[in-house]
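Enquirer: Have a look at this one before I ask anything.
The values are calculated or read from the model by the stated rules, or taken from the named source; none is laboratory data. This structure is a prediction, so every number in the text was calculated from the model and none was measured. Here the Cβ is made from the backbone with ideal geometry for all residues, glycine too, and neighbour counts use every protein chain on show. The area values use the complete protein model at the heavy-atom level, side chains included, leaving out ligands, DNA and RNA. Shrake-Rupley method; radii C 1.70, N 1.55, O 1.52, S 1.80 Å.
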Amino acid sequence: MSGTINGDGGGDGGRLIFDCDTFAQGHLPRRPRAELGTITEPVRVVRVFRDCDVLVVGGGPSGTAAAIAAARTGADVVLLERANHLGGLSTGGLVIWIDRMTDWSGNQVIRGIANDLLDRLPKEAVAGPPRGLWGSADDATAAYWKERTAAYHGIVTWSPTVDPENLKLASQELVLKSGVHLVLHAWGAAPLMRDGKVAGVFFESKEGRQAIRAPVTVDCTGDGDIFHRAGAAEVADIDARDIHHCINTAFLFGGVDMARWIAFKTGRPADFAAFMERGRAACGGLFERPFVSWRNDVALFMGPRLAGYSAVDVEDLTEVEIRSRRLMVQHLATYRDHAPGFEGAFLMLSAPQIGARHARRLVGVGTVTRQDWSRGVPCPDEIGVSLSLTPQYPVVSVPYGALVPAALDGLLVAGRAISCDATSHSFLREVPQCWLTGQAAGTAAALAVAERVAPRAVPIERLQGELTRQGALVRSRVEAVA
């Protein structure tokens, strides 16, 4: 049984081809966990680490953008990140293929801080079509870039692949240049609440438990850890036809020749089909094709994608890591023995950060829904423009309300946990959209502090004007009607 689902690319027209029976094998029975009761933790005095205007929790794409934007808007900003680097899934998760940033006509619609980061990368750290080809529908040109994850539905897009180490450095340096107080190796553990509002965060580090106080906190944890523990309304429904709820640990193979692989894949379709069948047999059905990277001698594997696991269950996360690394070794053996261009391949890196696509989503003042795709007009509180899945739909307006909790104050949310339905989440979770919503959330947080108002009361016109000043695309309703 076979079908198509919206994917991370690699299939026809940006859709992943999958085998339904195989897809169902992605989850094994959860390891049993005994019910052992509870214990009461003693009350403890927690040292205040710092006071600031805006606290950003999580230094992935959305958190990086939020911290930079808030600082540029004049706020005193602290950025907490649990790892030893910034970039989150776009670096540590090896999601180094940055999804589409142009519309179906080739116009770049996700920009601002996204451009500021990419422009800091050395030329050799970015692979993708030149600007003059964005939007091209020439058959030969689109066919070439389709094999390099930069053409969908016969149209060339700006969706670059980047060197993760250079993106880590670019993110760090832009954050520091903006005047943000960066704290690495610090896990945002729980919200600090005051009068029913979020007033900062408790965090854990090698120094123990400490607190940061802030009038506005931005939850950029990806899994919604802070708004969840603060009691904000949330949803966790999934579209079972889509891979956006699957989890995996990505990996890189070095010592390959991707040009030879692409020639094999495109020039010998029968042999390629036979190879894929051999791989599925060797790997228990969970077998992936490689993506190109920023170098011809490095191959990227963004799977196999494992279904049925929870991104907020520690046993599930452990099981995904174990299975992913075993599958990585099985892939290497099969590719080295049977795939042109992979004869000298070696294990280069397994991602230090697990590739969780979905956990929780905020219930916000506003929500992006499937019905919004066909409207094509800006919502009154638009803070950015997202790409749609196919050329049959225009770009999708992202409202400020999707970042604002329905009832909880003192907090904004950016990244893949924003308020949207399960189907819209399939593209709103991508790296460029995280840059987009992060920039908006950081800007709004700084304006809320400056105006001495709750984030939900930030003047929309001022927010839109500041985002425009920072290079983001925010359309007016007049432009949409015209």
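Enquirer: Can you pull the accessible area of His185 for me, 1.4 Å probe, Å² to the nearest 10?
Expert: 120
Enquirer: Ok, one more. Mind grabbing the accessible area of Cys246 for me, 1.4 Å probe, Å², rounded to tens?
Expert: 0
Enquirer: Go ahead and estimate [θ] at 222 nm for the chain from helices alone: -39,500 (n - 2.57) per DSSP H run with n ≥ 4, summed, over the residue count, rounded to 500.
Expert: -8500 deg cm²/dmol
Enquirer: Relative to the longest principal axis of the C-alpha atoms of the chain, give the angle of the C-alpha long axis of helix 164-177, reported between 0 and 90° and rounded to the nearest 10°.
Expert: Between helix and principal axis, roughly 20 degrees.
Enquirer: Below 8 Å, C-alpha to C-alpha, sequence gap of six or more: please give me the relative contact order for segment 354-482 in percent.
Expert: 28
Enquirer: Something else: Enumerate the amide H contacts of Thr221 below 5 Å, restricted to partners 5 or more residues apart or on another chain; note that Pro and chain-start residues carry no placed amide H.
Expert: Ile226
Enquirer: Using label points projected 7 Å from each Cα along Cα→Cβ, tell me how many nm separate Asp271 and Arg326, to one decimal.
Expert: Going by the 7 Å Cα→Cβ label model, 3.3 nm.
Enquirer: So how far apart, in nm, are the two label points at Val377 and Asp139 if each is 7 Å from Cα heading toward Cβ?
Expert: It is 4.0 nm.
Enquirer: While we're looking at this one, here's another question. Pop out the ³J(HN,Hα) list for segment 62-78 in order, Karplus 6.51 cos²θ - 1.76 cosθ + 1.60 with θ = phi - 60°, rounded to Hz; leave Gly and Pro as x.
Expert: Karplus-based 3J(HN,Hα) across segment 62-78 equals 5, x, 4, 5, 5, 5, 4, 5, 5, 5, 5, 8, x, 8, 7, 10, 10 Hz.
Enquirer: Going by accessible area, probe 1.4 Å, with all protein chains left in place, what is the ranking of Lys206, Lys197, largest first?
Expert: Lys206, Lys197
Enquirer: Relative to the present Cα-Cα distance, how much length would full extension add between Tyr393 and Ile460 at 0.36 nm per residue of separation?
Expert: Roughly 21.5 nm would be gained on extension.
Enquirer: Which value, in debye to the nearest 20, gives the size of the charge dipole of the chain about its Cα centre, when Lys and Arg are +1 and Asp and Glu are -1 at the Cβ?
Expert: Value, rounded to 20: 360 debye.
Enquirer: Can you compute 3J(HN,Hα) from phi for each residue in segment 265-278, using the Karplus curve 6.51 cos²θ - 1.76 cosθ + 1.60 with θ = phi - 60°, rounded to whole Hz and x for Gly and Pro?
Expert: Computed from phi, the couplings for segment 265-278 are 5, 8, x, 9, x, 5, 5, 5, 4, 5, 4, 4, 5, 4 Hz.
Enquirer: Measure nothing fancy, just the Cα-based angle from helix 314-338's long axis to the longest principal axis of the chain, in degrees from 0 to 90, nearest 10.
Expert: Value to nearest ten degrees: 30.
Enquirer: Ranked by accessible surface with a 1.4 Å probe, highest first, in what order do Trp97, Trp158 come?
Expert: Trp158, Trp97
Enquirer: Under the definition of Cα pairs under 8 Å and six or more residues apart, what whole-number percent is the relative contact order of segment 380-452?
Expert: RCO, segment 380-452: 27 percent.
Enquirer: Follow-up question, since we're still on this one. Could you tell me what percent of the accessible area of the chain is made up of carbon and sulfur, with a 1.4 Å probe and every protein chain present?
Expert: Here it works out to 52 percent.
Enquirer: Same structure, new question: At 0.36 nm per residue, and after removing the present C-alpha to C-alpha distance, how many nm does the segment from Arg295 to Lys123 gain when stretched out fully?
Expert: Using 0.36 nm per residue and subtracting the Cα-Cα distance, I get 60.8 nm.
Enquirer: Taking the Cβ of Val396 as the centre, find all other residues whose Cβ is under 11 Å away and add up their charges (Lys, Arg: +1; Asp, Glu: -1).
Expert: -1
Enquirer: Another question about this same structure. Could you provide, to the nearest whole Å², the per residue accessible area of the chain with probe 1.4 Å?
Expert: Per-residue value: 40 Å².
Enquirer: Can you give the relative contact order of the chain as a percent, counting alpha carbon pairs under 8 Å and 6+ residues apart?
Expert: 21
Enquirer: Also, I was wondering about something else. Keeping all protein chains in the complex and leaving out DNA, RNA and ligands, what accessible area do you get for Trp145 with a 1.4 Å probe, in Å² to the nearest 10?
Expert: For Trp145, the solvent-accessible surface is approximately 40 Å².
Enquirer: Also: Could the peptides 315-326, 410-421, 99-110 be put in order, highest first, of the mean number of other beta-carbon atoms found within 10 Å of their residues?
Expert: 410-421, 99-110, 315-326
Enquirer: Got a sec to turn the phi values of segment 221-229 into Karplus ³J(HN,Hα) couplings, 6.51 cos²θ - 1.76 cosθ + 1.60 with θ = phi - 60°, whole Hz, x for Gly and Pro?
Expert: 6, x, 9, x, 4, 6, 5, 5, 6
Enquirer: Same structure again: Once you have a ≥ b ≥ c as the square roots of the Cα gyration tensor eigenvalues for segment 194-258, tell me rounded if a/c is under 1.5, and otherwise prolate or oblate according to whether a/b is larger than b/c.
Expert: Because a/c hits 1.5 or more and a/b fails to exceed b/c, segment 194-258 counts as oblate.
Enquirer: What ranking, highest mean first, results for peptides 32-39, 251-258 when packing means the other Cβ atoms within 10 Å averaged over each residue?
Expert: 251-258, 32-39
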